[in-house]
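What follows is a set of notes on a single structure, which appears directly below.
The values are calculated or read from the model by the stated rules, or taken from the named source; none is laboratory data. Since the model is a prediction, treat every value here as computed from it, not as a measurement. Note that each Cβ is placed from the backbone with ideal geometry, even for glycine, and that neighbours are counted across all protein chains shown. Keep in mind that these areas ignore ligands, DNA and RNA; they rest on the heavy atoms of the full protein, side chains included. Shrake-Rupley method; radii C 1.70, N 1.55, O 1.52, S 1.80 Å.
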Amino acid sequence: ARRGAPVSLALIDIDHFKLLNDTYGHQAGDECLQRIGAVLDRFARRPGDLCARYGGEEFALVLGGTASEAACEIVEALMEEIRALGIPNARSPTRPTVTVSVGLATRHPMPQDSEAALVGAADALLYAAKEGGRDRLAVGG
């Protein structure tokens, strides 16, 4: 807020993760989480960036000082890298390999803002991406 810089938050959900666990076992699920976490870590490049496991099969990627258009490019590249891992998920109705759905929200924080508003916006967009067919990015403010 002091710098007037935007912040973007991507909430990332592994599509049909329960099917992966049910088909290949929890050890394979854990390995999948680790591999996706390693990809996310490579995309949190700058000091204002942060990636974290958000719970279950969800991750969060904070891109400090990153406007919506640039954040979209980063997230689209991230999604492609995850697809390129080729992690099997044969019973998934989306693809036979692991994919992710992403909700991406960008804000120019003001001193009176709370992080809850940004998280809520990204979460609503993630829900829209999943409802829209998964393996997609939903973007908004």
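All but one of (1) under 11 Å from the mean Cα position of the chain (by Cα); (2) farther than 15 Å from A67 by Cα hold for G103; which doesn't? Evaluating G103 over (1) under 11 Å from the mean Cα position of the chain (by Cα); (2) farther than 15 Å from A67 by Cα leaves (2) as the failure.
Scanning the range 13-44 for residues that are within 24 Å of L125 (Cα to Cα) and not in a helix (DSSP H, G or I) yields D13, I14, D15, H16, A44. When A5, A77 are screened for being closer than 19 Å to A129 by Cα and among the small types (G, A, S), only A77 passes. Which of the residues belonging to the range 19-33 are open to solvent by 10 Å² or more (accessible area, probe 1.4 Å), under 22 Å from A129 (Cβ atoms) and touching a residue at least 12 places away in the same chain (Cβ under 8 Å)? Matches in the range 19-33: L19, L33.
Restricting A129, A71 to those that are open to solvent by less than 20 Å² (accessible area, probe 1.4 Å), modelled with pLDDT of 95 or more, farther than 20 Å from D15 by Cα and in a helix (DSSP H, G or I) reduces the list to A71. Among the residues of the range 77-91, those identified as surrounded by 13 or more Cβ atoms within 10 Å (Cβ to Cβ) and not hydrophobic (A, V, I, L, M, F, W, C) are E81, R83, P88, N89, R91. Looking across the range 109-126, the residues that are open to solvent by less than 70 Å² (accessible area, probe 1.4 Å) and either among the aliphatic types (A, V, I, L, M) or part of a loop (DSSP other than H, G, I, E, B) (or both) come down to P109, S114, A116, A117, L118, V119, A121, A122, A124, L125, L126. Filtering the range 92-108 down to residues that are over 20 Å from R53 (Cα atoms) and assigned to a strand (DSSP E or B), which residue is least open to solvent (accessible area, probe 1.4 Å)? So the residue we want is T97.
Give me the residue from the range 74-86 that is outside any loop (DSSP other than H, G, I, E, B) and of a type in the set (G, A, S) and, out of that set, nearest to G140 (Cα to Cα). Only one residue tops the list, namely A77. Restricting attention to the range 34-43, the residues that are farther than 10 Å from L78 by Cβ and in contact (Cβ under 8 Å) with a residue 12 or more places away in the chain total 2. Taken residue by residue, the range 54-65 has no member that is free of Cβ contacts under 8 Å to residues at least 24 places away in the same chain, assigned to a loop (DSSP other than H, G, I, E, B) and closer than 16 Å to D135 by Cα.
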